[in-house]
Amino acid sequence: MAFVLLTGATDGIGLKSAEEFAKLGIDLIIHGRSKTKLENIKERLLSLNPSVKVLTLKADFSNLSETKDTFECIKSEKIHTLINNAGCFDSKGVITKDGFGLSYQVNHLAHFLITHILLDTLIKNAPSKIIIVSSMAHASSVNFEKIEKKEFSYSHEGYSCSKLCNILFAFKMARLLKHRNVSVNCLHPGVINTKLLIEGWSACGLDLSSAHKMIMYAYNLQNSVSGEYLKDFEIARATLFAYEIKNQDICYKIGLKHLEGYLNGTKANP
């Protein structure tokens, strides 16, 4: 038995993807912020396919200590695919209790953390995959100096910056895991009328019936495809900034710095 772990599985793209995996008989670990929603969706998935196993994980990505503690608990599970899908659009300039911009923390930094928590598990269960949901709305560049100093933008600028960080992180991890049989790709899921899209851009996309399709496309790729940006069911090109190795390395170094206490365990269970 091996699991697909899907963050942000209680709504939108994540929920539709979870339903598709369940229909295919693939065991799932689903993450969300609400225990009630998670239990309701677990029942929904089991009604689609009673033979699948579904585990639930409640964690608010705006709280890194809670996120770390929650995901540490499932390191012993056999996980062969991690789908970093959860996301938010912050229109108010929220700063989390950890001191980061909400978009940066939820969309990028929390996924950076859980990827490292589960890295040994994914390597052990190779061939395995890491799939990171980015967006074609990613920025053309990142001001690393501001991020390192914890100066964060919000609204569309903050969102697009976090989505470029997703791509930089995916490309860096693909390099690090090149010889470990763990593929790492990022993708634009399509313009789908999720709550996030409606909040940031209004209802200008496709209905939710197609929300899972790009994630399933990435999931079904051969593991030899790694370090790619996927869009419209093919390998595409992200902004040129993302392909500069120095930019990938700087983004990764800043992530390590911002998560230093969490990655070495000093901030768990404060």
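Summary table
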| read-out | value |
| --- | --- |
| Verdict on F233 being hydrophobic (A, V, I, L, M, F, W, C) and surrounded by fewer than 16 Cβ atoms within 10 Å (Cβ to Cβ) | yes |
| Entirely in the range 181-243, the strands (runs of 3 or more DSSP E) that have 2 or more residues that are closer than 28 Å to Y154 by Cα and modelled with pLDDT of 95 or more | 182-187, 228-231 |
| Test: residue in the range 30-41 that is touching a residue at least 40 places away in the same chain (Cβ under 8 Å) and hydroxyl-bearing (S, T, Y) | no |
| Criterion (at pLDDT 95 or above, surrounded by fewer than 20 Cβ atoms within 10 Å (Cβ to Cβ) and not hydroxyl-bearing (S, T, Y)) met by exactly one of L256, L164 | L256 |
| Subset tally (residues that are assigned to a helix (DSSP H, G or I) and either surrounded by fewer than 17 Cβ atoms within 10 Å (Cβ to Cβ) or under 17 Å from the mean Cα position of the chain (by Cα) (or both)) for the range 115-147 | 12 |
| Only listed residue being closer than 30 Å to I123 by Cα, of a type in the set (D, E, K, R) and either touching an Asp or Glu at 6+ places or on another chain (Cβ under 6 Å) or in a loop (DSSP other than H, G, I, E, B) (or both), chosen from K150, K172, K178, K163 | K178 |
| In the range 86-129, the residues that are among the β-branched types (V, I, T) and closer than 21 Å to D69 by Cβ | T96, V106, I114, T115, I117, T121 |
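The values are calculated or read from the model by the stated rules, or taken from the named source; none is laboratory data. Nothing here was measured: the structure is a model prediction, and the numbers come from that model. With ideal geometry, Cβ positions are generated from the backbone for all residues, glycine too; neighbour counts draw on all protein chains shown.
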